[in-house]
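Student: Input: one structure, supplied below.
The values are calculated or read from the model by the stated rules, or taken from the named source; none is laboratory data. Nothing here was measured: the structure is a model prediction, and the numbers come from that model. Quick reminder, even Gly has a Cβ in these numbers, built from the backbone with ideal geometry, and neighbours come from all protein chains shown. All accessible areas refer to the heavy atoms of the entire protein, side chains included, with ligands and DNA or RNA removed. Shrake-Rupley method; radii C 1.70, N 1.55, O 1.52, S 1.80 Å.
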Amino acid sequence: MNKTERTNPLARLLAVFALACACLPALAVDEADLLPVDDAFVVEASAVSRERIEVRWRIADGYYLYRHRTDVTAGAGFTAKPVRLPKGEAHDDEFFGAVETYRSQLVAVLPGAAAPGSNRVTLQVKYQGCADAGICYPPQTRQLIVALPAAGLPATANAAARGLPLFGKQAPGAVNGAGLPLPQEQAFALDAITYDSSTLLLRLTPAPGYYIYRDRTTMRLQGAPGIVAGKPRWPKAAPHRDDHFGDVAVYFDQAEVPIPLKRSHGDAAEASLEVTFQGCQNDGICYPPMTRSLALSIPAAASGSWGAAAAAPAGSQASETVEATPPGAAEEGVVPAAASDPAPAPPSAATAVSAPADVPRTLPPEDVVRRSSRAPASLAIALLLALAGGLILNLMPCVLPVLSLKALSLAESGRSGGHARSSALWYTAGVLVSFVTIGAVAIALRAAGQALGWGFQLQQPLVIGLLAYLMFAVGLSLSGVFALGHRFAGTGHALMGRTGPMGDFFTGVLAVVIASPCTAPFMGAALAFAFTSSTPVALLVFAVLGLGLALPFLLIAFVPSLARRLPQPGPWMETMKQFLAFPMYLTAAWLLWVLGKQRGVDALGLAMAGMVALALGLWWYQRLRFQAAPLRRGLAVALLLLALVPLVLAQRLALAPPQVVVAGSGIEAYSPQRLAALRGQGRVVFVEMTADWCVTCKANDRAVLSGKAFRDSLAQVDAAFMRGDWTNVDPQITAFLEQHEAVGVPLYVVFPATGGPGEVLPTVLTQNIVAAALARARQ
């Protein structure tokens with residue numbers, strides 16, 4: 001064994017001992033022992049000449065400054081160049097990575113030129129530092145007034161002659177005047193109670209002069225198999241400009257946060273709510289992330305108030321982290337720059353009580369009760385509902401224009417049973433692939449924190465515009481304006497509905513894309529089951545939905561008696577093909593109307609100009625198709641690509657204001673606060689969640705909700721009518737949909753006058769259904 005090998009164990013032992021010694025001060029640190037920031041970092045400045053100003057920091061032992069967080073700028077009277085900082089000590093920082101730091105002292109040089117006649121300058125000095133004990137101060141800003149020497153005299157002589165101070169000092173009252181920080185248990189109090197069998201209530205109480213980050217707070221329910229915490233209902237937070245995270249939301253005062261529970265059984269349970277959070281002192285230190293464990297007694301749930309939608313099955317350890325961080329925000333566990341010790345604080349002595357006697361009943365019942373009965377109880381039932389929903393989707397108005405193309409294709413293929421079967425199978429493949437793809441995207445985005453449901457892609461103006469272009473191009477093709485050549489046979493068949501494997505496949509794709517604005521009966525329950533199941537099960541549900549959509553064409557192709565009922569091919573088919581162009585034009589017009597609702601009339605004008613360019617490019621390309629003119633064909637293709645520019649411009653326009661309320665209509669725009677107020681008055685409330693791109697919504701509005709009988713039903717029970725517009729992404733409406741386990745719009749909920757959960761109505765309404773629900777809500 002050589003010398004190196006013999007000394008390695010000893011070296012490792014010494015390293016472990018040194019690390020343990022280094023950790024002792026951090027473990028024993030008391031915030032009261034920290035120096036005030038202006039004692040830890042004493043800053044002053046002087047003008048060495050009219051071309052050079054020096055800023056000095058005296059740094060206390062056990063403290064250090066960051067080089068990259070240090071800056072000096074000059075006000076009027078001195079034209080400054082970038083500040084010069086010496087090289088610091090290399091430091092591997094937990095939050096900033098490889099950085100440089102200063103200890104003991106720092107001298108920064110600000111070169112420049114004093115303005116003629118100027119005898120003083122105001123400097124703005126920025127810096128940030130930390131204590132070795134494991135606490136960082138927030139970024140500091142100071143204003144220093146510095147005397148400038150007269151030309152030809154040294155700085156000291158000029159300063160003494162004019163009675164000015166030699167060194168620039170912090171202006172009185174400008175120090176961040178925070179007192180010594182409180183211990184974390186005194187600065188931030190937490191407690192939790194069980195509000196009822198399906199809701200917890202968490203209280204966050206910062207001391208005066210302190211605040212808690214909303215979006216740095218996470219929760220985990222432990223110790224209760226079959227019960228997990230849902231998404232918290234965060235109260236309104238105060239906007240705050242933070243030097244670490246920018247614009248954030250914080251709580252300066254006590255905040256009460258309802259947390260719904262997802263249960264797979266109704267038994268009582270003992271549990272603990274583990275809360276990790278972070279807070280700061282106003283103009284003072286920021287604390288490292290803290291973790292508290294709060295004991296809870298969860299009572300038994302009444303029969304029927306829980307269901308299979310719970311995320312954890314009975315008998316398993318339920319553990320789901322719920323956080324406030326929005327998409328794109330910092331990840332859980334990432335500590336801000338103002339805190340340098342990532343170790344969580346020890347659990348506090350705070351305990352929770354299980355009786356809600358001291359809690360004011362400020363929580364609207366619809367926020368604490370979730371109806372899980374809408375989700376099927378088993379996979380077999382969910383698959384049956386999915387098959388029925390996909391089958392009924394064939395009858396929805398949004399799908400009919402595309403299905404008519406497929407019907408025409410089957411009629412033309414009636415000459416050969418084998419050809420018809422191949423066509424139907426390729427069409428089915430396109431439908432299944434599209435359904436599974438949309439499902440996979442939705443599941444992935446939901447897993448990433450995006451609250452999305454069926455039809456989510458239609459909230460994007462660019463998608464709406466592209467669909468309008470596609471429908472318009474299909475219409476032009478059916479009208480005979482253009483026909484693509486053999487190299488583009490698959491695309492041509494997709495556009496013109498002719499036979500051919502790729503044409504049949506893309507017809508199936510197009511049917512699914514156009515079907516997304518519609519929600520057929522039974523679809524909602526099946527999709528609700530899918531979004532609360534594992535990924536393989538969810539994708540299976542989406543595939544069966546696609547099978548239901550393709551089922552009529554499979555039956556026609558594989559059942560000879562049904563195929564014989566189709567009309568025989570003949571000249572009438574050319575006339576029918578040209579006639580089908582007009583439903584395509586109407587679909588394009590409807591999509592343009594939706595685009596106008598999303599981004600206003602300017603977006604509508606841009607899209608129409610783009611469609612003119614699209615038509616011109618297609619027409620030009622058709623005329624050059626059989627000519628040897630590659631350059632001109634290239635220009636035609638460039639024109640087609642240019643037609644996409646207006647859609648990109650339309651996407652960037654500001655959101656059009658929602659127009660869900662018409663003056664004098666008696667309809668109120670949805671908001672959680674207004675809903676809670678109406679329920680507090682003992683009113684029956686009918687809530688409709690709709691979107692301009694939702695065809696089912698518009699059909700219900702015209703058939704039921706805009707009629708006199710519906711208004712009379714509202715008046716008979718003194719019901720309020722609220723409407724939410726989900727045409728564009730709206731977090732409040734998305735939260736309402738999630739509370740009622742809806743995977744998209746339409747959603748209709750009737751809230752009773754006596755409180756309690758709302759009744760979710762079917763997707764397709766009738767006047768009798770609505771009137772009966774309103775009558776029950778009044779009882």
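Student: Short version: ³J(HN,Hα) in whole Hz for each residue of region 713-722, in order, from phi by Karplus 6.51 cos²θ - 1.76 cosθ + 1.60 (θ = phi - 60°), x for Gly and Pro, what are they?
Tutor: 3J(HN,Hα) across region 713-722, in whole Hz: 5, 5, 5, 4, 10, 6, 8, 8, 10, 10.
Student: Which whole-Hz couplings ³J(HN,Hα) result when phi for each residue of region 761-774 is put into the Karplus expression 6.51 cos²θ - 1.76 cosθ + 1.60, θ = phi - 60°, listed in order with x for Gly and Pro?
Tutor: Once rounded to whole Hz, the list reads 8, x, 5, 9, 9, 10, 4, 4, 4, 5, 4, 5, 5, 5.
Student: If you don't mind, another one. When the Karplus curve 6.51 cos²θ - 1.76 cosθ + 1.60 is applied with θ = phi - 60°, which whole-Hz ³J(HN,Hα) does each residue of region 287-296 get, with x for Gly and Pro?
Tutor: Calculated HN-Hα couplings, in order: 7, x, x, 10, 10, 10, 10, 10, 6, 9 Hz.
Student: Mind listing the long-range amide H neighbours of Val684? Cut-off is under 5 Å, sequence gap 5 or more, other chains count too, H placed in the peptide plane at 1.01 Å from N.
Tutor: Ala720
Student: Turning to a different aspect of this structure: At Trp234 and Gln254, where each label point lies 7 Å from the Cα along Cα→Cβ, what is the point-to-point distance in nanometres?
Tutor: Roughly 2.2 nm, to one decimal.
Student: Follow-up. Between Gln460 and Thr141, what FRET efficiency comes out of the Förster formula 1/(1 + (r/R0)^6) with R0 = 41 Å and r the beta carbon distance, rounded to 0.05?
Tutor: Efficiency computed from Cβ-Cβ geometry: 0.50.
Student: Amide H of Gly724 versus every other amide H placed in the peptide plane: which residues, excluding those fewer than 5 positions away on the same chain, fall under 5 Å?
Tutor: Here the answer is Tyr670, Glu688, Met689, Thr690, since their amide H atoms fall under 5 Å of that of Gly724.
Student: Non-local amide H neighbours of Ala269 (under 5 Å, H modeled in plane, Pro and chain starts lacking H): which ones?
Tutor: Those lying under 5 Å, H to H, from Ala269 are Ile298.
Student: What is the distance, in nm, between label points placed 7 Å from the Cα along the Cα-to-Cβ direction at Thr79 and at Val648?
Tutor: According to this spin-label approximation, the distance is 4.1 nm.
Student: Then there is this: Estimate the FRET efficiency between Ala98 and Leu641 by the formula 1/(1 + (r/R0)^6), using the beta-carbon distance for r and 45 Å for R0, to the nearest 0.05.
Tutor: 0.50
Student: On the full set of protein chains, 1.4 Å probe, figure out the accessible area of Trp57 and give it in Å² to the nearest 10.
Tutor: Trp57 has an accessible surface of roughly 0 Å² with all protein chains in place.
Student: With each pseudo-label sitting 7 Å past Cα toward Cβ, what's the Ala444-Asp247 distance in nm, one decimal?
Tutor: Output for this residue pair reads 3.0 nm.
Student: Another one. Between Ala735 and Lys87, what is the FRET efficiency for a Förster distance of 45 Å, r being their Cβ-Cβ separation, to the nearest 0.05?
Tutor: FRET efficiency, Ala735 to Lys87: 0.30.
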